[in-house]
Amino acid sequence: MPVPVLTLSIHPDRKGIAARSIRLAMHMGDDWQPDEHINTAPRKLDAQERERFLAEPRVGILSVAADEGRPPLTVPTWFDYRPGGTLSVITRAGQRKSRLIRAAGAVSFSVQQPEVPYKYVTVEGTVIAQDRAGRDALVAIGSRYLPAEEVDGWADWEVSGGNRGRYPEHVEIRIDRWITRDFS
């Protein structure tokens, strides 16, 4: 019966920087070969690839410095991004995420493709605006995730303070740094 084996291999790449690969395989005896879909030397995405990947409608993970000696707040969130532009997210006025973003003035944000071949884009950015969300900003984000017939109702509900009685805030983030990997 096959026995699952997890192998972590660390080896230097051409630049002397440690390239890491994690391979989960079934040990099948002496004739076992690694899965051809797992690349042990991931590459960076070029500018067009990374912008196109970030523009796809995925749930993003936002991370912001915390206070009170706690680790960073890291939460999933809907977002909007158009290649060459800024990153936008919606928060709730007065909530912890909103307060921390305002205090820190900078965030990290990540999206990934969890299926083989793995791929991710992480950006670090500076908050350039954080104010009450207008209907247009809500529609831009909501239309990426909701069926078309539900977007207007959702945006109206948000603008009216229907979400826990807190009005939505639009946070605009200038991307300062890109960190990307493609394992294909």
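The values are calculated or read from the model by the stated rules, or taken from the named source; none is laboratory data. Please read these numbers as outputs of a predicted model, since none were measured by experiment. Don't worry about glycine lacking a Cβ; one is built from the backbone with ideal geometry, like all the others, and counts go over all protein chains shown. Just the protein is used for accessible areas: all its heavy atoms, side chains included, with ligands, DNA and RNA removed. Shrake-Rupley method; radii C 1.70, N 1.55, O 1.52, S 1.80 Å.
The table that follows gives values for the structure above.
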| quantity | calculated |
| --- | --- |
| Scan of the range 64-102 for residues that are surrounded by fewer than 14 Cβ atoms within 10 Å (Cβ to Cβ), within 25 Å of residue 136 (Cα to Cα) and charged (D, E, K, R), ordered by number | 82 |
| Residues located in the range 57-70, provided they are in a loop (DSSP other than H, G, I, E, B) and more than 11 Å from the chain's Cα centre (by Cα) | 65, 66, 67, 68, 69, 70 |
| Output for the range 146-156, where each listed residue is part of a helix (DSSP H, G or I) and either surrounded by 15 or more Cβ atoms within 10 Å (Cβ to Cβ) or polar (S, T, N, Q) (or both) | 151, 152, 154, 155 |
| For residue 89: the one exception among (1) under 14 Å from the mean Cα position of the chain (by Cα); (2) not in a strand (DSSP E or B) | (2) |
| Checklist (1) part of a helix (DSSP H, G or I); (2) open to solvent by less than 40 Å² (accessible area, probe 1.4 Å) applied to residue 49, failing item | (2) |
| Filtered residue count, the range 107-117, keeping only those that are surrounded by fewer than 16 Cβ atoms within 10 Å (Cβ to Cβ) and without any contact (Cβ under 8 Å) to a residue 60 or more places away in the chain | 2 |
| Set 152, 156, 136, 131: member being touching a His at 6+ places or on another chain (Cβ under 8 Å) and of a type in the set (D, E, K, R) | 131 |
| Subset of the range 75-105 (residues that are in contact (Cβ under 8 Å) with a residue 60 or more places away in the chain and in contact with a strand residue (DSSP E or B) (Cβ under 6 Å, 6 or more places away or on another chain)) | 79, 80, 86, 87, 88, 89, 90, 91, 93, 98, 101 |
| Meets criteria (within 19 Å of the chain's Cα centre (by Cα) and either at negative phi or in a strand (DSSP E or B) (or both)) for residue 140 | yes |
| Residue check for residue 124: in a helix (DSSP H, G or I) and of a type in the set (Asp, Glu) | no |
